[in-house]
Amino acid sequence: MSTAIVFPGMGPTRYGEAAAFMRDDPVARELFARAADALGYPLAERFTASEDDYSEAAQVAFLVNCLALAAWAERELGVRADLCAGPSFGGKAAAAYSGAVDFETAVRMTAEIARRTEEYFAVAHPGIVTHSFVRVAEPRLTEILDELDRRGVWHELSCRIDHDFVMLSLPGAELEWLDGRVRAAGGLSLYTMRPPMHAAAFAPLRRTVEEKVLAGLRFADPRLPVLDDHDGSALTTGEQVRSMLLDSFVRAPSWPRVVEAMLGRGVTRVCVSGQDSLFGRVPITTRNFTVVAVNPRLTLAGR
């Protein structure tokens, strides 16, 4: 049985669900302490007090919990991963888990990227959001995108999670129109992300992160292959992992292509390490793999 560790993209996560794990798991406690030392502030306390789903503290806490849960899976479930993947935000955890960057570097990198992203969208692309919706088949999705083209509305596909589940970046003023088209196609609108993500228009942010955040960081060759979340290719050098993280700002992740790559490499079990509501639960994942949802609830049930 070949196993992949998958670090999920980040969704809204509050302190409460992870509180017991963060408090009681020895690895989680150690990693939060190390993260606090690396950042120079008490991470757990800032995460607790945060009102923003994607604040700097929330992003770093999500990273730390993902890595602590992977350690729990190794210790308690005997998981030995043959490769790893990290769609969207999960790429940062995959970089750390694979050894491409060390833990403290991953923490500081995640915090600095969060700051640069907040600064960028405070002035750039006002009103642009990334909206997710499901149960819209490809022909109907094409019709929606074509209509936006005809109307001259800027838009970009920002993530493909399943064959009928996507994220689309567009002006927030168009959300009511989009929701109507999604419902007419038999689909369901889900979550709207502010700030937006994964679009070629955000190339200046990619450049800023490359020059101001990653320029001085050393990326080592990973100890196990990391699957690129954009096309499923296997990354085996530190430079490739670095490029994947940078490309995340301007390229749309494609989970179906990662699934295809895992199947091609003989993966039969996927351990989704982190609080996940998407990648481990969509049909393209559950149909193809045995899925182990390694989240705080599982660690409590294990007691």
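Rule-based calculations on the coordinates, nothing more; no lab input. Model, not experiment: these values are computed from the prediction. All Cβ positions, even for glycine, are placed from backbone atoms using ideal geometry, and neighbour counts span all protein chains on display.
Brief remarks follow.
- Length-normalised contact order for the chain - Cα pairs under 8 Å, 6+ apart - percent: 25 percent
- log10 of Debye I(q)/I(0), alpha-carbon scatterers only, for the stretch 128-193 at 0.19, 0.21 Å⁻¹: -0.62, -0.77
- For the stretch 46-128: relative contact order, % (alpha-carbon pairs under 8 angstrom, 6 or more apart): 31 percent
- About its Cα centre, the dipole of the stretch 128-193 is roughly 100 debye, where the only charges are +1 on Lys and Arg Cβ and -1 on Asp and Glu Cβ.
- Angle of helix 26-39 to the longest C-alpha principal axis of the chain, folded into 0 to 90 degrees and rounded to 10: 70°.
- Rounded tilt (10° steps) of 103-123 against the dominant C-alpha axis of the chain: 30 degrees
- In the chain, the longest principal axis of the Cα atoms and the axis of helix 238-247 are about 40 degrees apart.
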